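Down below is the structure, laid out as structure tokens.
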Amino acid sequence: MKNSMNRQRLRKTLIIFSFLLLPVTFAYISCPIIVKGASEGVITGGLVVFVLLFAGSLFFGRLWCGWLCPAGGLQEIYAHINNKIINIIMLGLLKYIMFISIIFVPLVSAIRSAGGLNAIDFFYNTYHGISIEQPGAYTIFLAQIAFITAFSLLAGRRGFCRYFCPIAVIMIAGRVTSRAIGKLIRLPALSLSADAALCTNCRKCSKICPMGLDVNLMVEKGRMENVECIFCFACVDICPENAIRHALKH
């Protein structure tokens, strides 16, 4: 149990530190900056990061969301203000709409208007790699903080992740692709597994899940795969019977 608590402390330390670095790094996850670069035919550092997130999600799902995402770090802080899971059914598809409207369509249009991508600038729209120094950067940065804050306070625990984050869709697409490929070839992928016979229905796993998943029900049904899982391993670490495990499986 001590090792489990240490892992969660490490995870929260890493993800909050990632948020503290956001003034330096936000250009690498900013959709407007990535689209602006593409309109000039430039493969920006942010676009490279998006590609790496998709590629990584083939093997590790949404591990980024649980351990390294700056927005996740801020939400860990806001969880001390509103830690409830507030389900807003009408917002269920919002992050997919946001992905299409502020990433996919604008990016494709920008690349077409530029006649393709013909240059690479990993430090595009940064000053020596630091995001906040560029003109207009503060506005984009504060807008991102405002959206994260609004969803975290109104929708509760990980509200921004659950309802708004378009970057999450990139990793969800990677996870779905991985599962499809896995039916054809043996592709290693991080997964959860459970032994329902060990479960005592204490529901600690469901209560602690930052994404509001009914992990207890997932254990009962033997269906641990869920695209909303961010592999924070909180359910693994809190289970008193070790009924839930994680592994890199083929």
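A compact table of results
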{"read-out": "Restricting the range 219-234 to residues that are within 21 Å of the chain's Cα centre (by Cα) and either assigned by TED's automatic domain parsing to the domain that holds C69 or among the hydrophobic types (A, V, I, L, M, F, W, C) (or both), the residue that is surrounded by the fewest Cβ atoms within 10 Å (Cβ to Cβ)", "value": "V227"}
{"read-out": "When residues of the range 189-210 are limited to those that are farther than 12 Å from A243 by Cα and out of contact with any helix residue (DSSP H, G or I) (no Cβ under 6 Å at 6 or more places or on another chain), the one surrounded by the fewest Cβ atoms within 10 Å (Cβ to Cβ)", "value": "K207"}
{"read-out": "Residues satisfying the stated conditions in the range 18-36, i.e. within 16 Å of I130 (Cα to Cα) and in a helix (DSSP H, G or I)", "value": "S18, F19, L20, L22, P23, V24, T25, F26, A27, Y28, I33, I34"}
{"read-out": "Elements of type helices (runs of 4 or more DSSP H) in the range 136-187, at least 1 residues being of a type in the set (S, T, N, Q) and within 27 Å of H80 (Cα to Cα)", "value": "137-155"}
{"read-out": "Single condition L154 does not satisfy, out of (1) at pLDDT below 95; (2) closer than 24 Å to V51 by Cα; (3) surrounded by fewer than 20 Cβ atoms within 10 Å (Cβ to Cβ)", "value": "(2)"}
{"read-out": "Flag if I120 is in a strand (DSSP E or B) and under 26 Å from I43 (Cβ atoms)", "value": "yes"}
{"read-out": "Failed criterion for V219 (all others in (1) closer than 22 Å to V49 by Cβ; (2) touching a helix residue (DSSP H, G or I) at 6+ places or on another chain (Cβ under 7 Å); (3) hydrophobic (A, V, I, L, M, F, W, C) hold)", "value": "(1)"}
{"read-out": "Hey, L74 buried (at least 20 other Cβ atoms within 10 Å of the Cβ), under 27 Å from L154 (Cα atoms) and touching a residue at least 60 places away in the same chain (Cβ under 8 Å) or not", "value": "yes"}
{"read-out": "Residues satisfying the stated conditions in the range 123-146, i.e. loosely packed, with under 15 Cβ neighbours inside 10 Å and of a type in the set (F, W, Y)", "value": "F123, Y127, Y138"}
{"read-out": "Residue list for the range 123-134, filter: in a loop (DSSP other than H, G, I, E, B) and free of Cβ contacts under 8 Å to residues at least 60 places away in the same chain", "value": "H128"}
{"read-out": "Lone unmet requirement of (1) modelled with pLDDT of 95 or more; (2) within 30 Å of F104 (Cβ to Cβ); (3) basic (K, R); (4) surrounded by fewer than 18 Cβ atoms within 10 Å (Cβ to Cβ) for R179", "value": "(1)"}
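The values are calculated or read from the model by the stated rules, or taken from the named source; none is laboratory data. Owing to the predicted nature of the structure, the values given are computational and were not obtained by experimental measurement. Reconstructed Cβ throughout: ideal geometry from the backbone, glycine too, with neighbour counts over all protein chains shown.
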